[in-house]
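Since the structure comes first, as structure tokens, the remarks are kept for the end.
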Amino acid sequence: MNNVPDAEGVLVFAEQNNGLVHPVSFELLGKGRDLADRLGVKLSAALLGHGVHKEALELVYYGADVVYVFDSPFLSMFDPVQYAKNLVRLVTETRPAIFLLGATRLGRSLAPRVAAALRTGLTADCVDLDLDENGNLVQVRPAFSGNIMAQIKTKTRPQMATVRYKVMKANARDPRRKGKVIVKEPEVLSDTGIQILEKTAVGGVNLAEAEVVVSGGRGLKSPGDIALLKELAKELGGVVGSSRPLVDAGWISRDHQVGFSGHTVKPRVYVACGISGSPQHLFGMRDSDVIIAINKDASAPIFNVADYCVVGDIYEIVPLLVQELRKLKAVKNLDERK
Amino acid sequence: MSKGLKIVVLVKQVPDIEKVRFDYEKGRLDRSSAEAVINPFDLNALEAAAQIKEKIGGVVTAVSMGPEQAKDALRDALARGADEAVLLSDLRFAGADTLATSYTLSCAVRKLGAFDLIICGEKTIDGDTAQVGPEVAEFLGIPHVAYVDEILDISIAEITVKSRLDGDNYVVKMRFPGLITVTKDANVPRLPTLKDKLRSRKAEITVWGMKDLACLDEKQFFGLQGSPTGVAKVFAPTSGKKKGQIVMGTPEEKARRIAEILLKLGASQ
């Protein structure tokens, strides 16, 4: 097995799309910075793409000491074979002890190839990272659809992990931070067997980034009642989310699903309407800044994580709430005009 | 060999997640509480294989690693369109993490001989890692496309798929041999007929142990010994109860109070 006694340092894969770094990478740099400081080692980032040089400095501003840039037209879009090959080479050269990637779909497609090539351990979809007394990485991840949590340790180096988006905190961007940008000569294959014919943005709802999410659950009686949530979401400048039953019933598309098997969200405000709060749902929204829960059942678990608990019928409360919001806004507008 | 594709589907037997109970005190699941079933995501992989076979012909081999009882999952695979089934079973395979599992599976695929396409489910419902597919591809030195939502075109030389990665849809053409992992959106798995079920019950299932795999000189890569990751501790998700404020009053008063809070939080258009 791949035991590298002199492995040292933390490496973060800086995922980019259309030349822009994915925010999960900034979060990884935040956590990576913390781990590197505690271990007294360097934090590096690997940036692969085409025309991405200007993003390298952003990675420094968010905490990287060294940024390795691989720039090639062959790397502009994600080909797991090309990406893995270059990362494997970088890891072999720089021998980091810890290597973190975002647990985005891209990251989860890429990381296993790298881990297999390096014959090292990989822990999927971590929600927390820590160090034990010997400086080994302690990786916390949910298993069995979020029903249990496990702490995983890795014997080999690098200790690889993919980390869930929106669970770590990015450091504040500091444009005065200094770091080294090292341009690497990419090694590319002219033919990997894969040809990307088309890449198009899916569009639609962007739940993960929303500031306000209004979600519905089993408390809704018919598919048409999602209009109720939409109206409230519109009033709040937010988007509509959902618990899993509504998605499974086909009332709303999977993009809207909040929870373990859907999106993790961390909005400023989360309004849960008629959601009982299964562990899987709570997993995806409990870190929201402010949670407002409306549910008929006063014993619903959702109230255990809510900041404001409204025991009541959503069919009564939600329309009233929309009305009140309109009234208050009208008053506010009037006041501002005065 | 007959015309058509040689397809390998990798399957896993898992506890039925809907029924399984968790012993939170001891921090583990009570395996006796639920029966073992074929990983639900693998049903989509089997269905994809069955559809390809119907379209351009071929032979489908289902491969699984696990104890003797994992034969049940393979019988299910046979009832759902697989032609052959191989179980990788050996005490020395036990305790494998994704790396050792992938390595063992890749050894078995090599032993099966030339193949065109490997199909896996997106992930398993118990481990939830989605790592085995891409790891197997790397061990075999073949390309892969993960999270395939739709097979757009297939010939005896290549496959064109739609795969969604985060905010983008990719249309990718992959030359054989290659590996795909399919999502639940890829198809609707059909139910096996009673005849197929009965047939699968009597079917022969090949069992290979470590001595049957052609990688004997690499014993250190199998099972627990070949697994760099290990579970240090298991625990229940934190309940982390908040002391939330209960909003009192008539429905109108409650609505007004919440509206005020929302406006104060700046959540309004």
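The values are calculated or read from the model by the stated rules, or taken from the named source; none is laboratory data. Predicted model, so just to flag it, every value in this text is computed and none were measured. Here the Cβ is made from the backbone with ideal geometry for all residues, glycine too, and neighbour counts use every protein chain on show. Please note that ligands, DNA and RNA were not included when accessible areas were found on the heavy atoms of the full protein model with its side chains. Shrake-Rupley method; radii C 1.70, N 1.55, O 1.52, S 1.80 Å.
What to note about this one:
- The single condition among (1) assigned to a loop (DSSP other than H, G, I, E, B); (2) not assigned by TED's automatic domain parsing to the domain that holds A:R33 that A:L232 does not meet is (1).
- Positions within the stretch A:27-72 being assigned to a helix (DSSP H, G or I) and open to solvent by 30 Å² or more (accessible area, probe 1.4 Å), in sequence order: A:K31, A:R33, A:D34, A:D37, A:R38, A:L39, A:H53, A:K54, A:L57, A:E58, A:Y61
- Only listed residue being in contact with a strand residue (DSSP E or B) (Cβ under 8 Å, 6 or more places away or on another chain), at positive phi and either open to solvent by less than 20 Å² (accessible area, probe 1.4 Å) or away from chain B (no Cβ under 12 Å) (or both), chosen from A:G241, A:G259, A:G277, A:G237: A:G277
- Residues of the stretch B:142-165 include at least one that is among the charged types (D, E, K, R) and in contact (Cβ under 8 Å) with a residue 24 or more places away in the chain.
- Meeting the requirement of 1 or more residues that are open to solvent by 50 Å² or more (accessible area, probe 1.4 Å) and touching a residue at least 12 places away in the same chain (Cβ under 8 Å), the strands (runs of 3 or more DSSP E) wholly within the stretch A:122-190 are A:128-131, A:148-154, A:180-184.
- As a summary of the residue check, A:T200 satisfies the conditions (1) assigned to a loop (DSSP other than H, G, I, E, B); (2) open to solvent by 10 Å² or more (accessible area, probe 1.4 Å); (3) within 14 Å of chain B (Cβ to nearest Cβ) except for the one numbered (1).
- Here the stretch A:294-313 is the region considered, the condition is being β-branched (V, I, T) and touching a helix residue (DSSP H, G or I) at 6+ places or on another chain (Cβ under 7 Å), and the residue that is nearest to B:E260 (Cα to Cα) is A:V310.
- Any hit, the stretch B:120-131, residues being under 22 Å from B:V207 (Cα atoms) and in contact with a Gly (Cβ under 6 Å, 6 or more places away or on another chain): yes
- Among residues of the stretch B:92-123, those that are polar (S, T, N, Q) and open to solvent by 10 Å² or more (accessible area, probe 1.4 Å), counted: 2
- Strands (runs of 3 or more DSSP E) contained entirely in the stretch B:119-217, each with at least 3 residues that are facing chain A (nearest Cβ under 8 Å): B:144-154, B:158-165, B:168-175
- Listed by first and then second residue, the pairs with beta-carbon distance under 6 Å, at least 6 apart or on different chains, first residue in the stretch A:289-316 and assigned by TED's automatic domain parsing to the domain that holds A:G241 and closer than 14 Å to A:P267 by Cα, second of a type in the set (D, E, K, R) and part of a loop (DSSP other than H, G, I, E, B), are A:D289/A:R268; A:V290/A:D307; A:I291/A:D307.
- Considering (1) without any contact (Cβ under 8 Å) to a residue 40 or more places away in the chain; (2) closer than 30 Å to A:F144 by Cα, the lone condition that B:P251 does not fulfil carries the number (2).
- Residues in the stretch A:73-96 that are in contact with a Gly (Cβ under 9 Å, 6 or more places away or on another chain), farther than 15 Å from A:L20 by Cα and surrounded by 18 or more Cβ atoms within 10 Å (Cβ to Cβ): A:V81, A:T94, A:P96.
- Residue within the stretch A:84-94 that is small (G, A, S), touching a helix residue (DSSP H, G or I) at 6+ places or on another chain (Cβ under 9 Å) and either more than 29 Å from B:K219 (Cα to Cα) or in a strand (DSSP E or B) (or both) present: no
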